[in-house]
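The structure appears below as structure tokens.
The values are calculated or read from the model by the stated rules, or taken from the named source; none is laboratory data. These numbers come from a predicted model, not from an experiment. Neighbour counts run over all protein chains shown; Cβ positions are idealised from the backbone, glycine included.
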Ligand SMILES: Cc1cc2nc3c(=O)[nH]c(=O)nc-3n(C[C@H](O)[C@H](O)[C@H](O)COP(=O)(O)OP(=O)(O)OC[C@H]3O[C@@H](n4cnc5c(N)ncnc54)[C@H](O)[C@@H]3O)c2cc1C
């Protein structure tokens with residue numbers, strides 16, 4: 001054993017650094033973060049707010065691939081995640097959008113007393129330091145509602161200095177308006193439907209990305225009671241003094257150093273897993289917490305039987321259309337349109353609500369089977385019923401399409417928001433801690449494909465609607481021969497499958513849910529069957545949302561820090 005701390009945090013990413021900051025506020029508390037990635041504060045692929053995607057496939061990207069995806073011609077597809085102090089917030093698209101109220105209220109119905117829109121919204125505001133748009137930015141489409149924002153938090157949000165000026169915004173807005181999507185002046189108040197220009201996690205005046213390190217770590221890195229160790233957590237270590245029927249007591253972690261040594265750190269209070277949705281579950285498995293059938297295969301003794309570890313993995317598929325344009329546009333165009341089931345299915349909505357309600361048990365069976373029965377069909381059906389109500393009774397948005405420009409290309413990137421399809425992430429072997437089996441099972445439920453197709457048609461419609469249609473020369477991705485204007489369902493399916501790509505919003509793999517539903521952590525984010533291990537990262541979000549994850553994750557991590565301090 002090398003050193004002793006009060007709290008050990010595995011993963012110095014988006015959520016881990018919130019915990020590191022808050023827990024080390026008390027100088028008598030010693031906090032250590034174990035993080036495999038390095039300091040990226042001077043990496044231009046991180047700092048440059050126009051550099052999105054340039055960090056992909058560099059040393060700060062884990063560069064995972066998924067397992068073969070049935071909906072993608074059984075191909076394995078690249079899956080990005082940040083490997084740096086700051087985690088995925090150093091490589092993400094910086095979109096700051098929270099979600100629809102009812103989606104957060106659903107958490108309570110999943111067994112989480114005290115988690116709903118009313119309780120999480122104050123944390124979302126507390127996290128934020130919003131810069132209201134300049135006059136020039138307002139002329140370029142930026143708008144906001146004063147009441148929805150926080151002004152003194154750690155995370156700087158703003159419209160980018162590079163916001164595209166000129167008339168593009170007006171043309172796009174007018175076309176969306178014609179299609180029935182009025183301007184939503186601010187998507188961050190719990191209602192996303194409509195067309196909007198969204199804020200980003202960036203510091204406009206400094207013109208720099210505001211990732212988790214810049215927001216939560218650099219300002220406090222001099223604290224003597226806070227330390228970052230470069231290493232990779234492999235497993236939790238357990239005190240052997242507890243009786244066999246009482247909860248497991250963690251006393252630290254084992255980790256690998258960059259030069260290949262295995263060391264341990266002692267935690268006198270808690271072990272906190274913040275390694276992200278595809279990495280925290282494998283650490284639990286390696287530590288003896290999970291599905292006995294999976295653990296046994298890897299020669300790991302089961303200490304806590306918890307079938308939900310690594311299950312309920314939910315990500316969305318992302319599809320892109322591109323058109324050549326008559327104009328060359330500079331600047332960024334962060335334009336989003338959110339649509340409900342009614343928008344996508346029109347006068348067929350009521351009929352589709354009824355036929356899909358009757359299919360929930362069939363879908364649950366299919367998802368259960370695809371995941372080797374880890375969560376049984378009747379359990380999944382209960383969750384699906386709640387999700388169906390969100391879609392057809394609460395009318396949350398179920399589809400998001402981004403309209404943007406890149407030089408002389410006009411681009412739509414779109415994804416369904418609330419997939420029924422669910423997959424898993426597990427250890428491939430006890431040693432393969434850096435190579436998880438990521439299996440999102442994209443689009444295995446046919447309804448998900450129907451939403452993605454309907455949304456594709458809507459995204460396509462935009463470019464045929466005046467006035468923005470005047471800018472379009474022709475479709476270049478995938479091209480008219482593959483996807484003509486009135487493409488059939490079969491043509492859409494072929495196109496969506498052949499370009500299947502992740503939206504990179506993985507969640508749910510250590511869900512905050514009741515144990516009966518396959519949850520892994522309780523409402524205070526403590527792992528069932530343990531007395532002092534929590535998961536605080538995207539793994540705990542039990543269901544997808546009409547937003548982008550960091551806005552919610554920062555709020556969840558702030559609240560988690562309070563639970564930890566008060567326990
Ligand atoms: C390409 C892309 C674009 C995205 N765009 C947006 C966007 O525009 N807006 C938005 O809100 N969200 C976006 N997201 C999603 C969002 O960024 C992530 O959901 C969020 O950052 C995840 O936070 P986290 O704390 O769960 O994990 P992370 O931030 O990934 O942190 C996990 C940390 O743990 C470390 N780690 C991994 N394994 C171990 C181990 N064994 N031991 C110790 N440490 C370990 C990792 O190196 C990492 O630093 C995007 C994601 C991607 C990949």
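Select, from 432, 450, 487, the only residue that is over 27 Å from the mean Cα position of the chain (by Cα) and outside any strand (DSSP E or B).
Testing whether each residue is over 27 Å from the mean Cα position of the chain (by Cα) and outside any strand (DSSP E or B) leaves just 487.
Suppose we keep only residues that are touching a strand residue (DSSP E or B) at 6+ places or on another chain (Cβ under 8 Å) and assigned to a helix (DSSP H, G or I) within region 289-305. Which one would you say is farthest from residue 65 (Cα to Cα)?
The residue in question is 292.
Can you tell me which residue within region 258-288, out of those that are more than 12 Å from the ligand (Cβ to nearest atom) and part of a strand (DSSP E or B), is farthest from residue 567 (Cα to Cα)?
Only one residue fits best here, namely 262.
Can you tell me which condition residue 65 does not meet? The list is (1) outside any helix (DSSP H, G or I); (2) in contact (Cβ under 8 Å) with a residue 12 or more places away in the chain; (3) over 19 Å from the mean Cα position of the chain (by Cα), and all the others hold.
(3)
Condition first: within 13 Å of the ligand (Cβ to nearest atom) and closer than 30 Å to residue 514 by Cβ. Can you find one or more residues in region 139-155 that meet it?
no
If we scan region 324-345, do we find a residue that is closer than 23 Å to residue 76 by Cβ, surrounded by fewer than 24 Cβ atoms within 10 Å (Cβ to Cβ) and at pLDDT 95 or above?
no
Considering only residues of region 91-116 that are within 16 Å of the ligand (Cβ to nearest atom) and under 14 Å from residue 553 (Cα atoms), which is surrounded by the fewest Cβ atoms within 10 Å (Cβ to Cβ)?
95
Taking region 497-521, which residues are surrounded by 21 or more Cβ atoms within 10 Å (Cβ to Cβ) and outside any loop (DSSP other than H, G, I, E, B)?
Matches in region 497-521: 502, 507, 512, 521.
I'd like to know if region 459-475 contains one or more residues that are at pLDDT 95 or above and under 28 Å from residue 275 (Cα atoms).
no
So which of 57, 61, 6 ends up being at pLDDT 95 or above, over 25 Å from residue 153 (Cα atoms), more than 9 Å from the ligand (Cβ to nearest atom) and buried (at least 18 other Cβ atoms within 10 Å of the Cβ)?
When all the criteria are applied, what remains is 6.
Counting only residues that are under 23 Å from residue 13 (Cα atoms) and away from the ligand (no atom under 12 Å from the Cβ), which one in region 182-209 is surrounded by the most Cβ atoms within 10 Å (Cβ to Cβ)?
The extreme case among them is 204.
Looking at region 545-567, which of its residues are in a loop (DSSP other than H, G, I, E, B) and either free of Cβ contacts under 8 Å to residues at least 12 places away in the same chain or surrounded by fewer than 24 Cβ atoms within 10 Å (Cβ to Cβ) (or both)?
567
Filter region 29-54 down to residues that are more than 8 Å from the ligand (Cβ to nearest atom) and either surrounded by fewer than 20 Cβ atoms within 10 Å (Cβ to Cβ) or not in a strand (DSSP E or B) (or both), then give me how many there are.
Matching residues across region 29-54 total 17.
One residue is enough: does region 15-28 have a residue meeting the conditions under 20 Å from residue 262 (Cα atoms), modelled with pLDDT of 95 or more and within 12 Å of the ligand (Cβ to nearest atom)?
No: zero hits.
Which condition from (1) farther than 19 Å from residue 413 by Cα; (2) more than 7 Å from the ligand (Cβ to nearest atom); (3) assigned to a helix (DSSP H, G or I) is the one that residue 88 breaks?
(2)
So, residue 438, is that one touching a strand residue (DSSP E or B) at 6+ places or on another chain (Cβ under 9 Å), outside any strand (DSSP E or B) and touching a residue at least 40 places away in the same chain (Cβ under 8 Å) or not?
no
Can you pull out the residues in region 261-276 that are more than 13 Å from residue 35 (Cβ to Cβ) and either crowded, with 20+ Cβ neighbours inside 10 Å or within 29 Å of the chain's Cα centre (by Cα) (or both)?
Selection gives 267, 269, 270, 271.
Can you tell which of 50, 88, 65 is touching a strand residue (DSSP E or B) at 6+ places or on another chain (Cβ under 7 Å) and under 26 Å from residue 397 (Cβ atoms)?
It is 88.
I'd like to know if region 522-538 contains one or more residues that are part of a helix (DSSP H, G or I) and either out of contact with any strand residue (DSSP E or B) (no Cβ under 7 Å at 6 or more places or on another chain) or in contact (Cβ under 8 Å) with a residue 24 or more places away in the chain (or both).
Scanning region 522-538, I find at least one residue that is part of a helix (DSSP H, G or I) and either out of contact with any strand residue (DSSP E or B) (no Cβ under 7 Å at 6 or more places or on another chain) or in contact (Cβ under 8 Å) with a residue 24 or more places away in the chain (or both), so the answer is yes.
Of the conditions (1) more than 16 Å from the ligand (Cβ to nearest atom); (2) surrounded by 23 or more Cβ atoms within 10 Å (Cβ to Cβ), residue 119 clears all except one; give me its number.
All conditions are met except number (2).
Sort out which residues of region 404-419 are buried (at least 17 other Cβ atoms within 10 Å of the Cβ) and over 16 Å from the mean Cα position of the chain (by Cα), and write them in order of number.
404, 405, 410, 411, 412, 413
Going through region 101-142 one residue at a time, which ones are under 27 Å from residue 171 (Cα atoms) and either out of contact with any strand residue (DSSP E or B) (no Cβ under 7 Å at 6 or more places or on another chain) or part of a loop (DSSP other than H, G, I, E, B) (or both)?
131, 132, 133, 134, 135, 136, 138, 139, 140, 141, 142
May I ask you to list the residues in region 521-541 that are within 27 Å of residue 415 (Cα to Cα) and either more than 14 Å from the ligand (Cβ to nearest atom) or in contact with a helix residue (DSSP H, G or I) (Cβ under 6 Å, 6 or more places away or on another chain) (or both)?
536, 537, 538, 539 - these are the residues of region 521-541 that are within 27 Å of residue 415 (Cα to Cα) and either more than 14 Å from the ligand (Cβ to nearest atom) or in contact with a helix residue (DSSP H, G or I) (Cβ under 6 Å, 6 or more places away or on another chain) (or both).
Can you tell me which residue within region 71-85, out of those that are within 16 Å of the ligand (Cβ to nearest atom) and not in a loop (DSSP other than H, G, I, E, B), is farthest from residue 417 (Cα to Cα)?
Out of the qualifying residues, it is 84.
Please enumerate the residues belonging to region 453-482 that are within 20 Å of residue 500 (Cα to Cα) and assigned to a strand (DSSP E or B).
Matches in region 453-482: 475, 476, 477.
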